[in-house]
Structure formats: C-alpha cells, structure tokens
Amino acid sequence: MAVLWLDEITADDLELVGGKGASLGELTGAGLPVPSGFVVSAGTYRSFIEETGIDEELFEVVDVDTEDSKALAEAQSRAKELVLETEMPEEIRQEIYDSYDRMGDGEDFVADREDVDETVADHFEQVYDKLYEAAEENLEENVREAHETSEILGTIGRYGGYVKAPWCGDEACEQVVKEEIAAEIVMVPMDRDAEPIGDECAVCGDEACETAYFAKSY
C-alpha cells in the first residue's frame, strides 16, 4: 500500500509515517475530531526512488559536509529537482489519486466541542508518551556497540542505524570515521558525567571520557 490512513496509524508506525503522522493517527484513534486523511509512507518513497533508479544519484547528491551551508543548500536544491523531474510509477500515482478521491467523498460532521480543550490535552499527553516509548524502542533496536574503528565502520556499513563507542572527546577521532564512511557523531548522552561504555577511545586508544553515538550522515 502506498498510503496509510490516519485511522489505521498508531505510535508503532513511527518509522513509516513520521512523528506528525503518528500523532494524528493516535488522536484519530482516541476519537478526537481529526479530519479524514492519509500519509504517503516512507516505504512508498523508498519504492519510488528505487523503482525509478534515482536512489544512488540522490544519495550521492546529499553526501556533503553538513558543516558547509553552501554545499547543503546546493544539495537540497539538486535533490528537489531530481525528485520533481522524475516521473512517479503509475501504480503509486494511481493509489495516491484514488486516496484523494476517497477522502473527498467523506461525509461532513460537526464535532461535539464540549470540554474539547481538556480532552485534547489528556490525549496529547498519552500520544507523546506512546511516541516516546516507540522512539526509545526503535533506538534500542538500532543501536549497536563497537570498541575499535574497524568495528564502527563495519557495523555502520552493514547495518546502518547507530553505533555507540567509547570516545576521548577529540573531534579528530570523529573526523577519522567521517572520512572513511561519511558517518559522524550524532549525539552523546545528556548525562555527561555518565561512565563511558569502555575505558579506551575506540578510535585513538586514549582514555575515553564519554560514549558517542555514530551514524551515517546524509
């Protein structure tokens, strides 16, 4: 299916529909007056770029230095052009068109607004709790551990996701990984006093002072 309807979506679909889509799905499921709608899934986007053969070129276009604002702007512009210039596969196009038609056939309704502010606040709290739990589970499932440079490179290259490793705090060590596989440190624990997962930096072997999470940069 190219699309997921809001009444089919829950917090478990975070990877497929993103945070906004998952939030709207949870609110719809809670019975709040959310207009009918659908989300074109991440899987559909992936199918689009792979079936049309633009995936490799697209990834090459966005493989730039994230610290270079000019390069980022140029990459964004070229990526947008590449996607817009590429004809969408007919099967995907037709399903999206049919979904728009179906959405337009929905009956109008007048929602009961009594106590809606309090109800919305309660449900938003529940939605965000569920989204946080789903994101936490997703992070745990996609984080692997490494203690040497070769392990960092090999794990990211094979599995993607995140790799946590002991780090000395020197940006030069991050640069080593970045130059090899275009991966960088995307986060460190909020508790900077927490013990690192190893005694020695996975890159240089010096004393580690914290744990760093490496991931591919696009």
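The values are calculated or read from the model by the stated rules, or taken from the named source; none is laboratory data. Owing to the predicted nature of the structure, the values given are computational and were not obtained by experimental measurement. When we count neighbours, we look across all protein chains shown, and the Cβ atoms used for this are built from the backbone with ideal geometry, even at glycine. Accessible surface areas use protein heavy atoms only, side chains included; no ligands, DNA or RNA. Shrake-Rupley method; radii C 1.70, N 1.55, O 1.52, S 1.80 Å.
Observations
- Leading residue by the ranking (most open to solvent (accessible area, probe 1.4 Å)) among those in the range 52-77 that are more than 21 Å from the chain's Cα centre (by Cα) and modelled with pLDDT of 85 or more: Glu74
- All positions within the range 165-218 that are among the aliphatic types (A, V, I, L, M) and in a loop (DSSP other than H, G, I, E, B): Ala182, Val188, Met190, Ala194, Ile197, Ala202, Val203, Ala208
- Applying the criterion of being in a loop (DSSP other than H, G, I, E, B) and in contact with a Lys or Arg (Cβ under 9 Å, 6 or more places away or on another chain) to the residues of the range 142-160, the residue that is surrounded by the fewest Cβ atoms within 10 Å (Cβ to Cβ) is Gly160.
- Of everything in the range 25-45 that is at pLDDT 90 or above and open to solvent by 50 Å² or more (accessible area, probe 1.4 Å), the residue that is nearest to Glu95 (Cα to Cα) is Val40.
- Number of the condition not met by Glu95 [criteria: (1) modelled with pLDDT of 85 or more; (2) open to solvent by less than 70 Å² (accessible area, probe 1.4 Å); (3) within 30 Å of Trp5 (Cα to Cα); (4) not in a helix (DSSP H, G or I)]: (4)
- Residue match in the range 99-119 (condition: of a type in the set (A, V, I, L, M), farther than 26 Å from Met187 by Cα and modelled with pLDDT of 85 or more): no
- The condition of being in contact with an Asp or Glu (Cβ under 8 Å, 6 or more places away or on another chain) and in contact (Cβ under 8 Å) with a residue 60 or more places away in the chain holds for only one of Thr28, Thr66, Thr52, that being Thr66.
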